[in-house]
Amino acid sequence: MTWSTRELADLAGTTVNTVRHYHSIGLLQAPERSYNGYKRYRVGHLVRLIQVRRLAELGVPLANVEAAGASALAVPGGLVELDTQVQAEIKRLHLAREDIAAILRDNAPVDTPRGFESMASRLSEADRALIHVFARLYDKESMATLKQMVAAESEDLRRDFDNLPVDSDGVTRQRVVHRIGAEDANWRSPAPPWSVESVVGLKGAADIHGTLDAVIQELYNSAQHDVLRRADVYATETEHPLVTA
């Protein structure tokens with residue numbers, strides 16, 4: 001019994017294009033043709049096609065598959081390395097599902113840093129971006145501390161700072177400065193996680209201070225930078241030092 005390319009693909013649960021691809025990479029031999037030029041596949045072709053599909057289902061890169069005779073295939077090096085890769089991918093997918101569930105649960109933006117989903121409503125786009133950079137520099141303990149401090153921040157104060165217009169006047173800026181000093185204990189700690197000085201467990205970046213300074217300068221406007229400078233001066237004058245980035 002013989003089959004056309006379409007019939008063979010249907011039997012193996014694949015597509016005509018896939019059959020042609022396997023021909024092109026040498027994993028499926030070309031069949032004989034009938035008198036009218038149509039390909040006629042036999043049982044051996046069907047078995048080989050199903051074998052190749054099986055290895056593809058296991059995740060074996062087809063470039064690593066070799067024909068071992070007319071009725072068998074081989075994977076040089078075996079499947080141990082592949083199994084390790086599959087385990088790592090399963091772990092990544094489980095973590096991705098947990099992250100997706102948290103984002104959906106808290107209706108958070110899709111770019112919310114992991115672990116900050118429940119407090120996403122108080123974070124601006126710039127805040128989220130900065131936390132992503134911190135996550136590349138902080139160790140786990142520092143990130144856990146950062147989460148606690150973000151959760152404890154005044155939402156109104158954070159909103160006032162994030163929404164501060166670049167052309168805001170001095171009175172408006174100073175009002176935010178005074179609120180920072182009076183309302184937010186985070187800014188009065190010796191080294192709040194938002195600051196460069198608190199970064200520990202660095203992950204090998206060449207110029208941490210330069211990197212963070214460039215990121216902060218890019219993400220926040222000149223009025224916000226001015227408020228941070230004023231807050232530092234205000235804290236010094238009131239003997240409650242504020243350490244800023």
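Annotations for the structure displayed:
- Carbon + sulfur, % of accessible area of the range 1-145 - ligands and nucleic acids excluded, 1.4 Å: 54
- Average accessible surface for the range 11-117: 68 Å² per residue, computed with a 1.4 Å probe over protein heavy atoms with every protein chain in place.
- For the range 1-58, the relative contact order works out to 40 percent when only alpha carbon pairs closer than 8 Å and six or more residues apart are counted.
- Under 5 Å between amide hydrogens, built in the peptide plane, is the criterion, and for Leu73 it picks out Ala68 among residues at least 5 positions away or on other chains.
- Under 13 Å from the Cα of Lys147 - aspartates and glutamates, other chains or at least 8 residues apart: Glu117, Asp127, Asp139
- Residue-level accessible surface for Ser121, protein heavy atoms, 1.4 Å, Å²: 100
- Here the calculated FRET efficiency for Thr15 and Gln87, from their Cβ-Cβ distance with R0 = 41 Å, stands at 0.85, rounded to the nearest 0.05.
- Theoretical FRET efficiency, 1/(1+(r/R0)^6), r = Cβ-Cβ of Glu141 and Asp213, R0 25 Å, to 0.05: 0.60
- Chymotrypsin sites (Phe, Trp or Tyr not before Pro) restricted to DSSP loop in the range 1-65 with at most 15 other C-beta within 10 Å: Tyr35, Tyr38
- Partner aspartates and glutamates whose Cα lies under 14 Å from the Cα of Lys91, excluding those fewer than 8 positions away in the same chain, are identified as Asp83, Asp99.
- FRET efficiency estimate (nearest 0.05) - Cβ-Cβ, Leu95 to His23, R0 41 angstrom: 0.60
- Exposure of Arg229 as accessible area (Å², to 10), given a probe of 1.4 Å and all protein chains: 140
- Cross-link partners for Lys39 among the aspartates and glutamates, with Cα-Cα distance under 14 Å and sequence neighbours closer than 8 places in the same chain left out: Glu7.
- Across the range 13-22, rounded Karplus estimates of 3J(HN,Hα) from the backbone phi angles (6.51 cos²θ - 1.76 cosθ + 1.60, θ = phi - 60°) give x, 9, 10, 4, 4, 5, 4, 5, 5, 5 Hz, Gly and Pro being marked x.
The values are calculated or read from the model by the stated rules, or taken from the named source; none is laboratory data. As the structure is a computational prediction, the values presented were derived from the model and not from experiment. Every residue, glycine as well, gets a Cβ built from its backbone with ideal geometry; the counts of neighbours run over all protein chains shown. Surface areas here come from the heavy atoms of the whole protein model, side chains and all, with no ligands, DNA or RNA. Shrake-Rupley method; radii C 1.70, N 1.55, O 1.52, S 1.80 Å.
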